[in-house]
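So the structure is just underneath, and the comments pick up after that.
Only the coordinates and a few stated rules stand behind these numbers; no lab work does. Predicted model, so just to flag it, every value in this text is computed and none were measured. Note: ideal-geometry Cβ built from the backbone for every residue, glycine included; neighbour counts use all protein chains shown.
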Amino acid sequence: MSTGSPRVLPVEGGIAEAASVLRAGGLVAFPTETVYGLGADALDARAVARIFEAKQRPSFDPLITHLADAADLAGLVGRVPAAVEALAERFWPGPLTLIVDRPAAIPPIVTSGLETMAVRVPDEPSARALIAAAGVPVAAPSANRFGQLSPTRAEHVVAGLGAAVDVVLDGGPTRCGIESTIVDARGGRPVVLRLGALPLEALVEAVGPVTVRPGSSGQPVAPGTLAAHYAPRTPLRVVGAAESAVGDGGRRGLLAFRERPAGGDWAAVEVLSPAGDLTVAAARLFDALHRLDAAGVTEIVAERVPDIGVGRAINDRLGRAAATWHQGG
Ligand code: TXA
Ligand code: MG
């Protein structure tokens with residue numbers, strides 16, 4: 001299904017054409033500040049069905065609806081709870097996805113039949129320009145095959161989805177590199193359903209205590225937040241920093257946080273951030289994993305990073321990538 005190539009257009013100059021493809025029921029992959037999304041007109045159930053086909057995504061895994069402007073939320077869903085409104089006001093545009101009641105205009109396929117809908121306004125000007133030009137809300141999951149590594153470059157989308165997508169807008173590497181944080185604040189106190197690019201610390205500073213339910217015990221909270229996800233084809237193992245230096249496998253690859261360890265015989269090494277900057281590490285995470293996956297190594301050994309800020313989301317993704325292999329799937 002991924003044979004053939006999609007049309008790749010630069011974001012500069014390509015937006016009008018991509019928007020008309022969306023309006024005609026086509027699929028457009030586009031950069032957001034987090035990862036590339038695979039977009040379709042969220043009001044068009046047939047177009048949205050093509051997303052599930054292209055991604056080979058199970059129908060129980062709902063999509064995020066993207067808006068051009070925070071002011072468009074009220075127009076789509078009507079009144080939203082005060083705590084949701086406050087978060088939207090504070091963090092949109094940005095890497096925060098909020099849960100609201102599904103409006104009647106949004107067909108149930110977008111939400112996998114749920115009566116709730118995930119929605120966000122991306123902090124990437126070209127993404128907002130695309131959605132505004134299309135004139136419709138845009139349903140978009142990450143633009144990768146289900147369960148595989150997320151795409152942070154147009155090349156990742158082309159390699160993973162091929163001609164299953166009509167147009168890829170190329171805006172270069174994405175800034176955050178890791179998906180949005182998903183929060184359900186309908187009940188007042190925010191419940192974090194997926195750790196992501198907006199750090200918990202920023203949420204807490206803005207609105208006080210939050211509850212984290214990442215479903216790490218294997219009970220997914222966000223329906224698609226399965227234990228096994230975000231996985232390279234190569235088996236991946238997560239280790240503490242000290243442990244990784246002992247590694248000696250000849251054909252193994254290392255995903256290091258700050259530096260290449262002195263010992264060890266690695267076939268390939270990727271260093272996320274020599275300065276130890278977690279934001280930089282997040283931006284490089286999936287790109288580094290894509291490269292290690294293509295390097296022909298027998299195993300990827302990945303160092304955990306400090307469990308603070310966006311580091312929590314990095315460790316979450318590494319844990320899920322490893323879980324695929326622990327579960328034999
Ligand atoms: O950064 C992002 O969020 C990227 C860009 C493209 O916006 N999108 C993204 O989409 O990561 P996706 O489909 O890969 O992940 C969406 C997650 C899934 O885990 C899904 O289960 C959850 O959002 N989700 C969607 N609707 C939901 C709902 N109504 N309630 C709870 N979780 C929901
Ligand atoms: Mg995804």
> For the peptides 26-32, 70-76, 235-241, 128-134, what is the packing order when you average, over each peptide's residues, the other Cβ atoms within 10 Å and list the highest mean first?
Replying inline: 26-32, 128-134, 235-241, 70-76
> What is the gain in length, in nm to one decimal, between Leu114 and Val8 on full extension, counting 0.36 nm per residue of separation less the C-alpha to C-alpha distance?
Replying inline: 34.8 nm
> How large is ³J(HN,Hα), in whole Hz, for each residue of region 172-185 in order, when computed from phi with the Karplus curve 6.51 cos²θ - 1.76 cosθ + 1.60 and θ = phi - 60°, using x for Gly and Pro?
Replying inline: x, x, 7, 6, 7, x, 9, 5, 5, 7, 10, 10, 9, 10
> What number comes out for the charge environment of Val191, summing +1 per Lys or Arg and -1 per Asp or Glu over other residues with Cβ under 11 Å away?
Replying inline: +3
>> Please list, in order along region 139-155, the HN-Hα scalar couplings obtained from phi with the Karplus expression 6.51 cos²θ - 1.76 cosθ + 1.60 (θ = phi - 60°), rounded to whole Hz, x for Gly and Pro.
In response: 7, 8, x, 5, 8, 9, 4, 3, x, 8, 4, 6, x, 10, 9, 4, 4
>> Report for the chain the percent antiparallel among DSSP-assigned beta bridges with both residues inside it, nearest 5.
In response: 35
> If the convex hull of the alpha-carbon atoms of the chain is projected onto planes in all directions, what is the mean projected area in square nanometres?
Replying inline: 15.6
> Among Ala256, His290, Pro274, which residue has its Cα positioned farthest towards the positive end of the charge dipole of region 236-326, with +1 placed on the Cβ of Lys and Arg, -1 on the Cβ of Asp and Glu, and the dipole taken about the Cα centre?
Replying inline: His290
>> If I stretch the segment between Ala267 and Arg186 completely, what's the gain in nm (0.36 nm per residue apart, minus their alpha carbon distance), one decimal?
In response: 24.3 nm
>> How far apart, in nanometres, would the label points at Ala105 and Ser59 be if each is projected 7 angstrom from Cα along the Cα-to-Cβ direction?
In response: 2.6
>> Run the helix sum for the chain: -39,500 (n - 2.57) per DSSP H stretch of 4+ residues, divided by residue count, reported at 222 nm to the nearest 500 deg cm²/dmol.
In response: -9500 deg cm²/dmol
>> With a cut-off of 8 Å between alpha carbons and a minimum separation of six or more residues, what is the relative contact order of the chain in percent?
In response: 20
>> Of the candidates Val212, Val158, Val183, which one comes out as most mobile in a Gaussian network treatment of the chain with C-alpha springs shorter than 10 Å?
In response: Val212
